[in-house]
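The next block holds one structure in the form of structure tokens; read it before the comments.
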Amino acid sequence: MKNYLKTIAEMMAVAAQTAPKALGRNFIKIEIIDGNALNKLADEMAAYGVKTGKKNFDRDANNVRNSAAVVLIGIKDADKLGLNCGACGCPECGQLFAQKEGPEFKGPYCAYRLIDLGIALGSAAKTAGLLNADNRVMYRAGVSARKLKLIDADFVLAIPISATGKSIYFDR
């Protein structure tokens, strides 16, 4: 079963990589972790939750620990689209100020680049679902994966996968 789930994770990465992107420019970063790296990520998640007092990092850490693999999908050094649409909060793209390191992620970002990330995540999760692998998009795992430098990205979300008699990601 492990090899099957590893293959699904690789197919999820392909789906994220080939997902449509604004102006056809790709700033998506993808990594797959499994084995001991899952425990390392889970340990960091639990510790971060305690350190910050943020809820449910421990709960999600248990999900990661019990997963077969985690697909990390993020965005790095993405440029502005140049539409002057204001969706980022600035009336003109040139006013979107330089990115700064926040407590968990780097930003701000052009809204269209974050949409690109969302489409990549949706494509990966859809692929897992079509192949009957339980999955869930997780913010908390992305925070800790970035802190551990498991992926070189400014903003990261994670999709753990498993195959059990009942999804471990719901009714938690």
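Readers should treat all values here as calculations from the given coordinates under stated rules, not as data from a laboratory. Bear in mind that the values here come from a model prediction, so they are computed numbers and not experimental data. Ideal geometry is used to build each Cβ from the backbone, glycine not excepted, and the neighbour counts take in all protein chains shown.
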Burial ranking of peptide ranges 144-154, 45-55 (average Cβ count within 10 Å, highest at the top) = 144-154, 45-55
Per DSSP H run of at least 4 residues, take -39500 (n - 2.57); add these up for the chain, divide by its residues and hand me the 222 nm value, nearest 500 deg cm²/dmol.
-> -13500 deg cm²/dmol
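What's the long-distance tail for region 91-172, i.e. % of Cα pairs beyond 17 Å? Numbers along the way, then the final one.
Numbers: 1898 of 3321 pairs.
That tail contains 57 percent of the Cα-Cα pairs.
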Mind checking the alpha-carbon convex hull of region 44-104 and giving the volume per residue in Å³?
-> 137 Å³
Cα Rg over Rh - region 10-51, Kirkwood = 1.18
If contacts are Cα pairs under 8 angstrom and at least 6 residues apart, what is the relative contact order of region 2-162 in percent?
-> 33 percent
For the chain, restrict the atom set to alpha-carbon positions and state the Rg and Dmax in Å.
-> 16.4, 51
